[in-house]
Amino acid sequence: MKIIAPSLLACDFLNIESELKSLEGIEGLWLHLDIMDGHFVPNLTFGHPIVELIAKRTKIPLDAHFMVTNPEFYIDTFKDYKLTNFTFHLEASDNCLALVQKAKSFYPSVGISIKPNTPASALSLDLLKAVDLVLVMTVEPGFGGQKFMPDCAEKIGYLNDIRQRNNLKFQIQVDGGINNETAKTCLNYGVDNMVAGSHIFKQPSDLYQETINKLREV
């Protein structure tokens, strides 16, 4: 089953506990947490206290995407919050392989992300062998509700080809402008895991499951 990761950045933050309860029991879910520092990207989102509370309120696996300048700091400070996946940006470190190896001491899954202007070829084979997930951004990171960039989705096909030729096991995740139409494009390229924010949370909560299921069916 393809994983769908609802992005909590788009949920009703005044009623976040109710939002979490609406997603409980839906199969094949991760909860996507967009953590931004206001420096790596021009936006600031929730930090340690909110993530700690979310972790206590849900059993759904937590998928954290760190859009931050200093990912090593966050590897240390989030290690007690029961994150299933810790993803940081290739562009944020000169030694991503060392950070991946460090993060693997604390997190079941460790991912690397690339911005739209970063080619997939920038990910070395050694890095792809080390990570559990590659996140392909199909919008500029920093704000929700942006339009999907079709050219960026081609990176999914490139990564899927490398994965198959080298018998690698990393997941390919995509984030940005995902809806029924763009999900079909990503599925055709070989994606395993899709982040969707406004497409899910703009619906009434009793339609979340139906909306999520349709993303897998297109």
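Looking for something over 26 Å from Arg216 (Cβ atoms), in contact (Cβ under 8 Å) with a residue 24 or more places away in the chain and of a type in the set (S, T, N, Q) - is there at least one such residue anywhere in segment 74-87?
yes
Taking Gly111 as the residue in question, decide whether it is of a type in the set (Gly, Ala, Ser), surrounded by 18 or more Cβ atoms within 10 Å (Cβ to Cβ) and at pLDDT below 95.
So Gly111 fails the test.
Condition check ((1) under 21 Å from Gln173 (Cα atoms); (2) among the hydrophobic types (A, V, I, L, M, F, W, C); (3) at pLDDT 95 or above) across all residues:
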{"residue": "Glu24", "(1), (2), (3)": "no, no, yes"}
{"residue": "Val41", "(1), (2), (3)": "yes, yes, no"}
{"residue": "Pro61", "(1), (2), (3)": "yes, no, yes"}
{"residue": "His65", "(1), (2), (3)": "yes, no, yes"}
{"residue": "Leu83", "(1), (2), (3)": "yes, yes, yes"}
{"residue": "Leu90", "(1), (2), (3)": "yes, yes, yes"}
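Out of curiosity, is Leu125 touching a Pro at 6+ places or on another chain (Cβ under 8 Å) and more than 21 Å from Met194 (Cα to Cα)?
Answer is no for this residue.
Which of the numbered conditions does His199 fail, given that it passes all the others? Conditions: (1) buried (at least 18 other Cβ atoms within 10 Å of the Cβ); (2) part of a helix (DSSP H, G or I); (3) in contact with a helix residue (DSSP H, G or I) (Cβ under 6 Å, 6 or more places away or on another chain).
(3)
When you go through Asn95, Asn70, Asn117 one by one, which is the residue that is surrounded by fewer than 16 Cβ atoms within 10 Å (Cβ to Cβ), within 21 Å of Ile178 (Cα to Cα) and not aliphatic (A, V, I, L, M)?
Of the residues listed, the single one that is surrounded by fewer than 16 Cβ atoms within 10 Å (Cβ to Cβ), within 21 Å of Ile178 (Cα to Cα) and not aliphatic (A, V, I, L, M) is Asn117.
Against the definition (modelled with pLDDT of 90 or more, outside any loop (DSSP other than H, G, I, E, B) and in contact with a Leu (Cβ under 8 Å, 6 or more places away or on another chain)), how does Pro6 come out, yes or no?
yes
Please state which one of Leu127, Leu168, Leu159 is farther than 29 Å from Leu44 by Cβ, surrounded by fewer than 17 Cβ atoms within 10 Å (Cβ to Cβ) and of a type in the set (A, V, I, L, M).
None of the others qualify; the one that does is Leu168.
Scanning segment 119-163 for residues that are outside any loop (DSSP other than H, G, I, E, B) and touching a residue at least 60 places away in the same chain (Cβ under 8 Å), which turns out farthest from the chain's Cα centre (by Cα)?
Ranking the candidates gives Leu133 first.
Residues that are within 27 Å of Pro204 (Cα to Cα): which strands (runs of 3 or more DSSP E) entirely in segment 10-118 hold 3 or more of them?
31-36, 62-67
Would you confirm whether any residue within segment 93-101 is modelled with pLDDT of 95 or more and touching a Phe, Trp or Tyr at 6+ places or on another chain (Cβ under 6 Å)?
Checking segment 93-101: not a single residue is modelled with pLDDT of 95 or more and touching a Phe, Trp or Tyr at 6+ places or on another chain (Cβ under 6 Å).
What's the total number of residues in segment 125-159 that are in contact with a strand residue (DSSP E or B) (Cβ under 9 Å, 6 or more places away or on another chain), modelled with pLDDT under 95 and either among the basic types (Lys, Arg) or closer than 17 Å to Phe88 by Cβ (or both)?
Result for segment 125-159: 2.
Which of the residues spanning segment 105-118 are of a type outside the set (Val, Ile, Thr) and either closer than 24 Å to Glu140 by Cβ or within 12 Å of the chain's Cα centre (by Cα) (or both)?
The answer is Ser109, Gly111, Ser113, Lys115, Pro116, Asn117.
Which residue out of Pro71, Pro116 is over 27 Å from Ser22 (Cα atoms) and in contact with a Cys (Cβ under 6 Å, 6 or more places away or on another chain)?
After ruling out the rest, the residue left standing is Pro116.
The values are calculated or read from the model by the stated rules, or taken from the named source; none is laboratory data. A quick note: this is a predicted structure, and the numbers were derived from the prediction, not measured. In this analysis, Cβ positions are derived from the backbone assuming ideal geometry, glycine residues included, and neighbour counts consider all displayed protein chains.
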